[in-house]
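Comments concern the structure below.
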Amino acid sequence: MSSGIPQRLAIIGCGAVVDHHILPALRRAGWQPSVLVDRSPERLALLAGKLGRHGRGVVRAADWREAADKFDAAIVAVPHVFHGPMGIELLKAGKHLFMEKPLAVTSEQCETMIREADARRLTLRVGLLRRYLLGARWLKALIESGTLGTIRSFSIREGFVFNWATSSDALLRRELAAGGVLMDTGAHTLDLLLWWLGEVASLTYRDDADQGVEADCLIECRMASGATGTVELSRTRDLRDTIQIQGSAGFVEVHLSKNIVLDGSPNALACRHEGRAAADLPLQLFPELFDSELRDFARSISGEASAGIPGSEGARSVALIERCYANREPLTLGWRAEAKATDKD
């Protein structure tokens, strides 16, 4: 790391995403944490062990306040409901902050974090790593080029039978996750929607969260631009994981988490961004995306204001999620309706 970047880094929350992705990315960058924070002594010991020789000198704490004078910047990967309160306290304590998505679980918390960071001239970045996908950037350039004409409609469907590596059941508990698939996967998906197509003017929202957190949800929305579309998210079904966009002069279908353009009109497929057309997008694996976002966090601390995804951008998807939950209606999937009808017979 360059000498202008604070070397004293804390990782707060030592769960699966840190173990599998964030810590390896930091080690590849040569940015070793000085402090590890987690309530589990076992998790602390596991991650310290993975730091090798450096791990013997790392400070371990159950609460970041116990080691507040030992770090200058923090990566926070704790359950969602703690993002806002913890982020605000860290910023007030003068710490640069990288928050795993979502930035927080309410717009009020997001706005407070942004104000605190601005007032103290601190870095506030959020882990929306899909923006580093070359396919996502290619699609943004395609839309902004006007090649598709006026965007008339879109359809997003993203889902899989939940299999993400976890170290606890926090994602399944409303009191810790603050929501289900919309708050989790949706933080990425809705961030891309807003980044690509602008603000949402009106919406209807349905989910299956009669109890606990939602596993399936559906948003029908009209964008400020006039385009209409749907966003469907699931933890119970394998969906196509793409966005389909229809414009007045062309169409395109792009994968949401891979650099794959599945279909498109000839004019769309010929569009080039940074020298690449649709057929030229290379494979990007998770490690490269985590490397990119953490490298940008380091660069933002050193004074590069354009590096990374700022808190103000992370707040946009949180506000949209908040709107969805405020307008919740029940969702009944076809197979569930049939099952209920059978039960009554």
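The values are calculated or read from the model by the stated rules, or taken from the named source; none is laboratory data. Just so it is clear, the model here is predicted, and its values are computed rather than measured. Using ideal geometry, Cβ is built from the backbone for each residue, glycine included, and neighbour counts are taken over all protein chains shown. Ligands, DNA and RNA are stripped out before the accessible areas are found, and what is left, the full protein with its side chains, is counted by its heavy atoms. Shrake-Rupley method; radii C 1.70, N 1.55, O 1.52, S 1.80 Å.
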Discussion item. Quick test for you: out of ARG121, ARG65, ARG60, pick the one residue that is free of Cβ contacts under 8 Å to residues at least 60 places away in the same chain and more than 15 Å from GLY13 (Cα to Cα).
Written reply: ARG121
Worksheet item: Just to be sure, is ALA16 touching a residue at least 60 places away in the same chain (Cβ under 8 Å), of a type in the set (A, V, I, L, M, F, W, C) and either touching an Asp or Glu at 6+ places or on another chain (Cβ under 7 Å) or open to solvent by 50 Å² or more (accessible area, probe 1.4 Å) (or both)?
Response: no
Practice prompt. Please find, among ALA119, ALA178, the residue that is at positive phi and either modelled with pLDDT under 95 or among the hydrophobic types (A, V, I, L, M, F, W, C) (or both).
Written response: ALA178
Practice prompt. Using the structure shown, decide if LEU320 is among the aliphatic types (A, V, I, L, M) and in contact (Cβ under 8 Å) with a residue 60 or more places away in the chain.
Written response: yes
Fill in: Condition met for GLY149 (touching a residue at least 24 places away in the same chain (Cβ under 8 Å) and on the phi > 0 side of the Ramachandran plot)
yes
Discussion item. Just to verify a result, which residue in region 70-111, among those that are part of a loop (DSSP other than H, G, I, E, B), crowded, with 21+ Cβ neighbours inside 10 Å and of a type in the set (D, E, K, R), is nearest to the chain's Cα centre (by Cα)?
Written reply: LYS101
Worksheet item: Got a number for residues in region 145-163 being open to solvent by 30 Å² or more (accessible area, probe 1.4 Å) and either farther than 30 Å from LEU269 by Cα or in contact with a Phe, Trp or Tyr (Cβ under 9 Å, 6 or more places away or on another chain) (or both)?
Response: 3
Discussion item. Condition first: more than 17 Å from GLU253 (Cα to Cα) and surrounded by 16 or more Cβ atoms within 10 Å (Cβ to Cβ). Now tell me which residues in region 267-287 satisfy that.
Written reply: GLN284
Discussion item. For region 205-231, give me the residue count where each residue is among the charged types (D, E, K, R) and assigned to a loop (DSSP other than H, G, I, E, B).
Written reply: 3
